[in-house]
Amino acid sequence: MSLKGKVAVVTGGARGLGRAYVLRLATLGADVAVLDIDLKGAAAYGEQLSAPSVAAEVQALGVRAHEAQVDVSNQAAVRQAMDAVNSNLGPVDILVNNAGGAITDVATSAPSVVSMADVKTILDANLMSAIHCCQAVAPSMKERRTGIIVNTASTAARVIGARGSLSHYGFTKEAIVHYTRSLAAELGPYGIRVNAIAPGIMLTARVKTLADQRGIGQADQARRVPLGRLGEPDDCAGVLEFLVTDLSKYVTGQSISVCGGAALQAS
């Protein structure tokens, strides 16, 4: 219960990696707010919950929960949602910016042809959402001189996709890394740590469901990973535990790859 009494927010927390983060934080004793554009998103990919909602799963672990359906690419909606978290749980101590993903069409994602609409979608989902959330919680963290922020990068920031596919996803994740380092430099004097997790391919329910359609999460990809397998959500949750506890009290401005060594290999 190393996070007992802390208030955590996880964006994209209703399924997949976000849900794994929520449950790990709750297990560590934190009260957790689940923010997601679709609070029932797990059902769309056959992800089984142990309670009617992720918030209910949190409460079953003996801590407080709050949930809100919110589009975190909308700055006004983010500020309203964070105000509600503050009212229901208290000031935010831990922010996990997990929302986003490679959510546009892979077939039309080559850098010379990708549409501006798809570029904007990815920028909003992966970069602007994180900036909105960080800016919403930073003033209170600075005033209290405490706080932890964990952003989500990706191995796609370092490894080029086949024939340059999803470059707009990759460069938003590289931007997240730079934003993380810059924010860590700004907020460090206030006792606030800012880091990022850079997952490789994680076998979430969504990835398993869309594996053939999107060409991700397949056996041949697992064989190319030095550790011989693709990742599971708990692999990232373990690194999150490190980053939000005193195990990493002298770590800030870092992006930690959780990829089984995949980023060491050519695409």
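Read the figures in this text as sums done on the coordinates, not as results from a lab. Here the structure is a predicted model, which means the values were calculated and not measured. Positions of Cβ are backbone-derived with ideal geometry, glycine not excepted, and every protein chain shown enters the neighbour counts.
Let's test the formula: R0 of 41 Å, r as the Cβ-Cβ distance of D246 and S53. What FRET efficiency results, to the nearest 0.05? Intermediate values should be presented prior to the final figure.
Details: r = 31 Å, r/R0 = 0.74.
The computed FRET efficiency comes out at 0.85.
Among DSSP beta bridges lying fully in region 7-262, give the percent that are antiparallel, nearest 5. Walk me through the intermediate numbers first.
Numbers: 0 of 27 bridges.
Taking every DSSP beta bridge within region 7-262, about 0 percent pair in antiparallel fashion.
Compute the angle between helix 16-27 and the longest alpha-carbon principal axis of the chain, please, reported from 0 to 90 degrees and rounded to the nearest 10.
The angle comes out near 30 degrees.
Over region 133-267, what is the relative contact order in percent, taking alpha-carbon pairs closer than 8 angstrom and at least six residues apart? Write out the running numbers ahead of the final one.
On the way: 209 pairs, mean separation 42.1, N = 135.
The normalised contact order for region 133-267 reaches 31 percent.
Assign unit charges at the C-beta atoms only (+1 for Lys and Arg, -1 for Asp and Glu), then state the dipole size of the chain relative to its Cα centre in Debye, rounded to the nearest 20.
On the way: 24 positive and 22 negative charges, 94 e Å.
The calculation lands at about 440 debye.
Can you tell me the relative contact order of the chain? Whole percent, Cα pairs under 8 Å, sequence separation 6 or more. Before the final figure, lay out each step's value.
Values: 540 pairs, mean separation 48.5, N = 267.
Relative contact order of the chain: 18 percent.
Scan region 108-213 for trypsin sites (Lys or Arg not before Pro) in coil per DSSP, keeping those whose Cβ has at most 16 other Cβ atoms within 10 Å, and list them by number.
Numbers: sites: K120, K142, R144, R145, R158, R163, K173, R181, R193, R206, K208; in loops: R145, R158.
Here the trypsin sites (Lys or Arg not before Pro) that fit, given the DSSP loop and packing criteria, are R145.
Neighbouring Cβ atoms within 10 Å as the yardstick, rank S112, S255, S2 fewest first.
Working: S112 6, S255 21, S2 12.
Lowest to highest Cβ neighbour count: S112, S2, S255.
Summing Lys, Arg as +1 and Asp, Glu as -1, what charge do residues with Cβ under 15 Å from the Cβ of T121 carry, T121 excluded? List each step's numbers first, then the result.
Values: positive: K120, K173; negative: D71, D105, D118, D124.
It works out to a net charge of -2.
Using only the alpha-carbon atoms, how far is helix 75-88 inclined from the longest principal axis of the chain? Give it as 0 to 90 degrees, nearest 10.
40 degrees
For every other residue with a beta carbon closer than 14 angstrom to the beta carbon of R158, add +1 if it is Lys or Arg and -1 if Asp or Glu, then tell me the sum. Provide the component values of the computation, followed by the final result.
Working: positive: K173; negative: E174.
Surrounding charge for R158 is 0.
Would you mind telling me which residue in V72, V251, V177 has the biggest mean-square fluctuation in a Gaussian network model of the chain, where springs connect alpha carbons within a distance under 10 angstrom?
Evaluated over the chain, the most mobile residue of the options is V251.
Fewest first, what order do R79, R19 take by the number of other Cβ atoms within 10 Å? Don't skip to the end; give the middle numbers.
Numbers: R79 14, R19 27.
Starting with the residue having the fewest Cβ neighbours, the order is R79, R19.
Name the residue from N126, V22, N74 whose Cα lies farthest towards the positive end of the charge dipole of region 7-262, charges +1 on Cβ of Lys and Arg and -1 on Cβ of Asp and Glu.
The residue sitting farthest along the positive end of the dipole is N126.
Where a ≥ b ≥ c are the square roots of the eigenvalues of the C-alpha gyration tensor, would you call region 26-139 rounded, which needs a/c under 1.5, or, failing that, prolate if a/b is larger than b/c, or oblate?
Values: a/c = 2.80, a/b = 1.51, b/c = 1.85.
Judged from the Cα gyration tensor, region 26-139 comes out oblate (a/c at least 1.5, b/c at or above a/b).
Divide by every residue of the chain the summed helix terms, -39500 (n - 2.57) for each DSSP H run of at least 4, and state the resulting mean residue ellipticity at 222 nm, rounded to the nearest 500 deg cm²/dmol. Display every interim value, and only then the final one.
Working: 10 runs with 109 residues, N = 267.
Value at 222 nm, helices only: -12500 deg cm²/dmol.
Post the alpha-carbon centroid distance, region 118-176 to region 11-73, in whole angstrom.
Using only Cα atoms to place each centre, the spacing works out to 20 Å.
Around L264, what is the net charge, scoring Lys/Arg as +1 and Asp/Glu as -1 over all other residues with Cβ under 14 Å from its Cβ?
Numbers: positive: R158, R224; negative: none.
That sum, taken over residues with Cβ under 14 Å, equals +2.
Against the longest principal axis of the chain, how steep is helix 233-244, in degrees 0 to 90 to the nearest 10, with axes from Cα atoms?
Once rounded, one gets 40 degrees.
Compute the Cα gyration tensor for region 1-92, then decide on rounded, prolate or oblate, letting a ≥ b ≥ c be the square roots of its eigenvalues: rounded whenever a/c is under 1.5, prolate when a/b is larger than b/c in the other cases, and oblate in all that remain.
It comes out oblate by the Cα gyration axes.
K4: which lysines have alpha carbons under 28 Å from its alpha carbon, excluding same-chain residues fewer than 8 sequence positions away?
Straight-line reach from K4, under 28 Å: K40, K142, K249.
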